[in-house]
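Below: the structure, in structure tokens.
The values are calculated or read from the model by the stated rules, or taken from the named source; none is laboratory data. These numbers were taken from a predicted model, which means no experiment stands behind them. Counting neighbours? That spans all protein chains shown, and the Cβs are built from the backbone with ideal geometry, glycine included.
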Amino acid sequence: MSRYIAGRLAQFVLVLLGVTLATFALLHLVPGNPARTLLGAHATAAEVALLDREWGLSRPLPAQYADYLVRLLHGNLGTSIYYQVPVSTLIGRALPVTLAMLAVGAFFGIAAAIPLALLAAVRQGRAADHAVRILPLVGLGMPPFWVGFILLIVFSLTVRLFPAGGYGTTPAQHLESLILPGLTVAAVTTPILVRSLRLALVDVLGSDFVIAATARGLARWRVLVRHGLRNALVPAVSVLAVNLGYLLGGSVVIENVFGLPGVGSLLLTGIFNRDFDIVQSVTLIYALLVVLINLGADLAYAALDPRVVLGR
């Protein structure tokens, strides 16, 4: 396993290198100048040129990219033009918020998907199964920002159970502020997870080893959970990993709907202010998280199914 992880990490280095190159190129292709953005529309050309030289933006692009890579190798993500603080400090504050939101959303999604998928698989072809199968069709048609606004209107403005925005200052307030964003994340992941898990359960429950376990007189719930659910979770893990990776990009929208100070909000601020170091660093963090999520999914896949041999 250690050799497999080392090999995957070596591949990921190439992926991350490609991400840095693509992000750097796209940032410099988009019209706009960070110095002009910071100084304002009334700044003179001489003032803009002076700031460009101070920041190194007047140098050739290959030289700027080389400097960027050298800084990355030394663990230096640069300094924010807009905030005038190290980007690593900003990401250190924002990243736990985003990870906590995704963790809460994954918890809600799994907690909803498992009983719904079990109900549909056990009641295959009946009314409960049909009702659960409609859920993915409804859920997939709802954009995350729309779900977030609906939850805000119902639970913050009407019922007033949860705060309408912000992150609070205490752990209890942090958790309270993550409930609605977490439900928004779950609303996106649950439909796909339910569909995948139901199909896997239907297939597993019809297999020989489940029939044999039932014939031995094992309790129905034990057969479902120990034999059926464990084997059905194998494909569901991959589905969850793909969707969490997808939702990393969606976190930009969700965090701004709920006013969370996560990396999504930080990325949007960097884009609006042409803050190159913020945009490049946050994009790299997103890529790194996607890589780690997929690696974790592969390891979980192998742990759930002993037949899986890593590296083959």
Checklist entry - Taking region 248-291, which residues are free of Cβ contacts under 8 Å to residues at least 24 places away in the same chain and under 24 Å from Val70 (Cβ atoms)? => result Leu267
Next on the checklist: Can you pull out every residue in region 78-96 that is under 21 Å from the mean Cα position of the chain (by Cα) and either under 27 Å from Pro34 (Cα atoms) or of a type in the set (Gly, Ala, Ser) (or both)?
Outcome noted: Val87, Ser88, Thr89, Leu90, Ile91, Gly92, Arg93, Ala94, Leu95
Checklist outcome for this item: Checking Val291, Val253, Val282 in turn, the sole residue that is among the β-branched types (Val, Ile, Thr) and either within 21 Å of Phe162 (Cα to Cα) or surrounded by fewer than 18 Cβ atoms within 10 Å (Cβ to Cβ) (or both) turns out to be Val253
Checklist outcome for this item: Of Ser251, Ser238, Ser265, the only residue that is over 25 Å from Phe145 (Cβ atoms) and hydroxyl-bearing (Ser, Thr, Tyr) is Ser238
Next on the checklist: Regarding region 35-57, can at least one residue be identified that is surrounded by fewer than 16 Cβ atoms within 10 Å (Cβ to Cβ), within 19 Å of Tyr286 (Cβ to Cβ) and not charged (D, E, K, R)?
Outcome noted: no
Checklist outcome for this item: In region 70-92, residues that are surrounded by 13 or more Cβ atoms within 10 Å (Cβ to Cβ) and either at pLDDT below 85 or part of a helix (DSSP H, G or I) (or both) total 9
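Here is a yes/no grid of residues against (1) in a helix (DSSP H, G or I); (2) within 19 Å of Tyr246 (Cβ to Cβ); (3) in contact with a Pro (Cβ under 9 Å, 6 or more places away or on another chain):
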position: Val132; (1), (2), (3): yes, no, no
position: Ile150; (1), (2), (3): yes, no, no
position: Leu161; (1), (2), (3): no, no, no
position: Gly166; (1), (2), (3): no, no, yes
position: Thr169; (1), (2), (3): no, no, no
position: Ala187; (1), (2), (3): yes, yes, yes
position: Arg195; (1), (2), (3): yes, yes, yes
position: Ala200; (1), (2), (3): yes, no, yes
Checklist entry - Do we find a residue being over 17 Å from the mean Cα position of the chain (by Cα), within 28 Å of Ala117 (Cβ to Cβ) and either small (Gly, Ala, Ser) or at pLDDT below 75 (or both) anywhere in region 255-277? => result no
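Could you please let me know if Leu57 is of a type outside the set (Phe, Trp, Tyr), in contact with a Leu (Cβ under 9 Å, 6 or more places away or on another chain) and at pLDDT below 80?
Considered against the rule, which asks whether it is of a type outside the set (Phe, Trp, Tyr), in contact with a Leu (Cβ under 9 Å, 6 or more places away or on another chain) and at pLDDT below 80, Leu57 comes out as yes.
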Checklist entry - Is there any pair linking a residue in region 180-192 that is in the same structural domain as Gly245 (by TED's automatic domain parsing) and at pLDDT 85 or above to one that is among the aromatic types (Phe, Trp, Tyr) and not in a helix (DSSP H, G or I), with Cβ under 8 Å and at least six apart or on different chains, and which? => result Leu180/Phe162
Next on the checklist: For the structure I just gave you, tell me whether Gly125 is within 23 Å of the chain's Cα centre (by Cα) and in a loop (DSSP other than H, G, I, E, B).
Outcome noted: no
Checklist entry - Just wondering, is there one or more residues in region 194-206 that are touching an Asp or Glu at 6+ places or on another chain (Cβ under 7 Å) and at pLDDT 70 or above? => result no
Checklist entry - Restricting the search to region 227-277, which residues are part of a helix (DSSP H, G or I) and among the basic types (Lys, Arg)? => result Arg230
Next on the checklist: When you check Ala25 against the structure, is it in the same structural domain as Leu260 (by TED's automatic domain parsing) and closer than 22 Å to Gly249 by Cβ, yes or no?
Outcome noted: no
Checklist outcome for this item: Per the filter on region 35-61, residues of a type in the set (A, V, I, L, M, F, W, C) and part of a loop (DSSP other than H, G, I, E, B) are Ala41, Ala43, Leu57
